[in-house]
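The values are calculated or read from the model by the stated rules, or taken from the named source; none is laboratory data. On a predicted model such as this, the values are computed, not experimentally measured, just so you know. In this analysis, Cβ positions are derived from the backbone assuming ideal geometry, glycine residues included, and neighbour counts consider all displayed protein chains. What goes into the accessible areas is simple: the full protein's heavy atoms, side chains included, and nothing from ligands, DNA or RNA. Shrake-Rupley method; radii C 1.70, N 1.55, O 1.52, S 1.80 Å.
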Amino acid sequence: VQLQASGGGLVQAGGSLRLSCTASGFTFRNYVLSWYRQTPGKQRELVARITTGGNKNYADSVRGRFTITRDNAENTVYLQMSSLEPDDTAVYYCVAGRGSYLAQFWGQGTQVTVSS
């Protein structure tokens with residue numbers, strides 16, 4: 001199983017980034033996909049989640065600014081981030097799971113840094 005995240009980088013406040021995560025080693029379309037983020041000294045935070053049926057959930061802190069989508073044909077999940085704020089600075093992880101274990105597989109993380 002592999003989840004390869006990309007698209008992170010340095011951006012100014014108010015800017016945008018799109019994270020991508022390509023998966024292999026499991027039946028992608030059968031799994032719930034999530035993006036988490038973590039900053040040193042803070043708890044890991046669930047940012048966004050998309051179910052196998054396309055239902056989406058967002059953290060209050062990103063709702064209206066971030067959009068999660070999935071492409072089952074390409075085994076890829078995306079996180080479009082707009083109106084970025086310095087508090088969005090974190091390592092972002094893509095995660096796959098199913099059933100009662102929605103955080104079964106983790107990617108390696110990609111760093112997002114938002115400068116003020």
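On the basis of being open to solvent by 60 Å² or more (accessible area, probe 1.4 Å) and in contact (Cβ under 8 Å) with a residue 40 or more places away in the chain, does Gln43 make the cut?
It is false that Gln43 is open to solvent by 60 Å² or more (accessible area, probe 1.4 Å) and in contact (Cβ under 8 Å) with a residue 40 or more places away in the chain.
Working carefully through the options Thr39, Thr76, Thr69, Thr51, find the one that is over 18 Å from Leu102 (Cα atoms) and β-branched (Val, Ile, Thr).
Going through Thr39, Thr76, Thr69, Thr51 in turn, just one is over 18 Å from Leu102 (Cα atoms) and β-branched (Val, Ile, Thr): Thr39.
Hey, does the stretch 20-35 have a residue that's in contact with a helix residue (DSSP H, G or I) (Cβ under 7 Å, 6 or more places away or on another chain) and open to solvent by 40 Å² or more (accessible area, probe 1.4 Å)?
No, the stretch 20-35 contains no residue that is in contact with a helix residue (DSSP H, G or I) (Cβ under 7 Å, 6 or more places away or on another chain) and open to solvent by 40 Å² or more (accessible area, probe 1.4 Å).
Mind counting the residues in the stretch 61-83 that are in contact (Cβ under 8 Å) with a residue 60 or more places away in the chain and open to solvent by 50 Å² or more (accessible area, probe 1.4 Å)?
Matching residues across the stretch 61-83 total 2.
Tally time: how many residues in the stretch 84-100 are open to solvent by 10 Å² or more (accessible area, probe 1.4 Å) and in a loop (DSSP other than H, G, I, E, B)?
4
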